[in-house]
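These notes are about the structure you will find just below.
Rule-based calculations on the coordinates, nothing more; no lab input. Keep in mind the model is a prediction, meaning the values are calculated, not measured. FYI the Cβ positions are ideal-geometry reconstructions off the backbone, even for glycines, and counts take in every protein chain you see.
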Amino acid sequence: MPELQSPRGMHDLLPEDEPLWRRVRDACERVARGYGYGFVETPIVEDERVFLRSVGAESDLAQKEMYLFEDRGGGRLALRPEATAAVCRAYLEHGMASRPQPVRLAYFGPMFRYDRPQAGRYRQLWQFGVECIGDASPAADAEVIEMQQALYRELGLSGLTLRINSIGTAESRRRYEQALRAHLEPHAATLSEDSRRRLATNVLRVLDSKDDAGNPAVQSAPSITDALGPGDRAHFAEVRRLLEALDIDHEIDPRIVRGLDYYAHTVWEFEPPGGGGQSTVGAGGRYDGLIELLGGPPTPGTGFATGIERIIRTLREQGIEEPCAPAPDVVMVAIGEAGAAWAMRVAAALRRAGFVVRGATPARSLRAQLRTAGHLDARYAVIAGEREAATAVVQLKPLSATGEERTLDIEGVIDALGGAIGSQPPAQSAGARAAEPSDA
RNA sequence: GUGGGUGUCGCCUAGCGGUUAAGGCGCCAGGUUGUGGCCCUGGAGACCGGGGGUUCGAAUCCCCUCACCCACCCCA
């Protein structure tokens, strides 16, 4: 164990992991732009009030998962645990209400939660998400859900289950909480310790408890669906109608209530086939009250967030792996001082022509340089020694296939490589599926 | 915050009271003079997670601690 390690729950992303990450990231960007979303980058830290007000002071997120600290000036800051509140803060701060509504914003970046790490859970986690702000219609919910599904489809993720629910407006929720509490209180003694605590703090969460899933009192609890007002019901019915029209399979699950206070009306989650545990790949919901909580005018909004690590994990579970990063086209091999300088000039010329060229290591022996070139799976070695430098040529040595080593000048090398490799961007490995999942 | 599991070179693993702590992969260097991949030889790299004990003697036994992993809570 090295003395110095990455902070708990935070991980390094190594070059071999990067191709799959980039593929996910590219898909996120493509989908977002395809729906007319613009990307925003908000700071990693915010005034703690941005989150405390929006997410709900009673939520677990605020209670125990936030990284809070004071800066040197005494300001109270929080490492962002999620992005919706921050994006809404930016919406307000930049007066986006005066842009054509709704404003469609997307983000991709790290979030921080101070909880115990385990499979699929990290203290620094990456999320891609979108916020559609300024549209109260069910159509906005449906579009956001469709978009989220389109992302997963594009990535090749299969077998995801969409579960959806409506928790109504804040008022209907309050009504429901009262009813639920009234129903459960007489049976409090039969509930688990956690649930008894939630009875007081956050009744809705009692419904989530796995310990009490079989408890008759929980099973016979009133459904939030019954507490919805006519307006709530109409909204939800329209969302469902649109999903059906879009052929999006979904299950109604009255037990989804979401952890954050700002949600209203439609809420949903996407679960991978295995299900269970911390597997939720992405979730979303409508948050009509949020902007008001941040001090703005009543403004509706809806959006989703999806965990990049969880997407990657599910992808790998399904055997989808991006092949390793492309090997260089050329490895330069230099001999002697004159060769070293000449090799750098040749390398620069080849790169200008569009090839991927790994520079020489003239301090090492010719043999060692070639051995390494072979291990790197480079297509060619370009050898620049004293002799070549003197006559402005190089040896072009094919490393993989057959072929003779040739003596060429720079133009000759570019022509030869162009014929063999093409000076186009590196070959696309579009959605290549390798048989071997390589996660740990 | 609460449980359980695991900690030996960069990676995988052997060793389970007395060994200079072993091997494979990888890395580096050589196998005569400027040519890789295979093979051969050599090398670097581990205070056996850390601290305390037991013992003549500990990587091996005990205690504590830390880290990682898994689960609960909760969430992406």
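Summary of computed values
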read-out: Summed side-chain charge close to A:Leu246 - residues other than A:Leu246 whose Cβ falls under 15 Å, Lys, Arg +1, Asp, Glu -1; value: -4
read-out: Inter-part distance where segment A:17-39 and segment A:87-114 are each reduced to a Cα centre, Å; value: 18 Å
read-out: Calculated FRET efficiency for the pair A:Arg72/A:Ala237, C-beta based, R₀ 60 Å, to 0.05; value: 0.65
read-out: Spacing of the two label points (7 Å from each Cα toward its C-beta) at A:Glu3 and A:Glu405, in nm; value: 4.7 nm
read-out: Listed residues A:Gln369, A:Ala416, A:Gly336: farthest to the positive end of the dipole of segment A:330-419 (Cβ charges); value: A:Gln369
read-out: Between helix A:336-352 and chain A: long-axis angle, C-alpha atoms, 0 to 90°, nearest 10; value: 50 degrees
read-out: Local electrostatic count, A:Glu29, Cβ distance below 12 Å [Lys/Arg +1, Asp/Glu -1]; value: +3
read-out: Backbone HN-Hα couplings from phi across segment A:222-235 [Karplus 6.51/-1.76/1.60, Hz, Gly and Pro as x]; value: x, 8, 4, 4, 6, 8, 5, x, x, x, 4, 5, 5, 4
read-out: Stretch in chain A that is longest and holds no trypsin sites (Lys or Arg not before Pro) that DSSP places in a loop and that have at most 16 other beta carbons within 10 Å; value: A:73-209
read-out: Stretchable slack from A:Thr225 to A:Arg345, in nm (0.36 nm times residue separation minus alpha-carbon distance); value: 36.0 nm
read-out: Degrees between helix A:308-317 axis and first principal axis of chain A (Cα, 0 to 90, nearest 10); value: 70 degrees
read-out: Cα centre as origin, Lys/Arg/Asp/Glu Cβ charges: chain A dipole, Debye; value: 480 debye
read-out: 3J(HN,Hα) from dihedral phi, segment A:33-45, Karplus parametrisation 6.51/-1.76/1.60, rounded to Hz, x for glycine, proline; value: 5, x, 9, x, 8, x, 8, 10, 10, 9, x, 5, 10
read-out: Hydrodynamic radius (Kirkwood) for chain A, which is based on Cα pairs only, to one decimal in Å; value: 25.3 Å
read-out: Leading residue at positive end of dipole, chain A (Cβ point charges), from A:Tyr91, A:Gly36, A:Pro102; value: A:Tyr91
read-out: Cα gyration tensor shape for segment A:330-419, rounded if a/c is under 1.5, else prolate or oblate; value: rounded
read-out: Set of segment A:277-308 residues, backbone N closer than 17 Å to the point 7 Å along the Cα-Cβ line of A:Arg121; value: A:277-283, A:307-308
read-out: Cα-based shape type of segment A:93-167, given that a ≥ b ≥ c are square roots of the gyration tensor eigenvalues and the cut on a/c is 1.5; value: oblate
read-out: Environment charge at A:Ala139 (Cβ cut-off 14 Å; Lys +1, Arg +1, Asp -1, Glu -1); value: -2
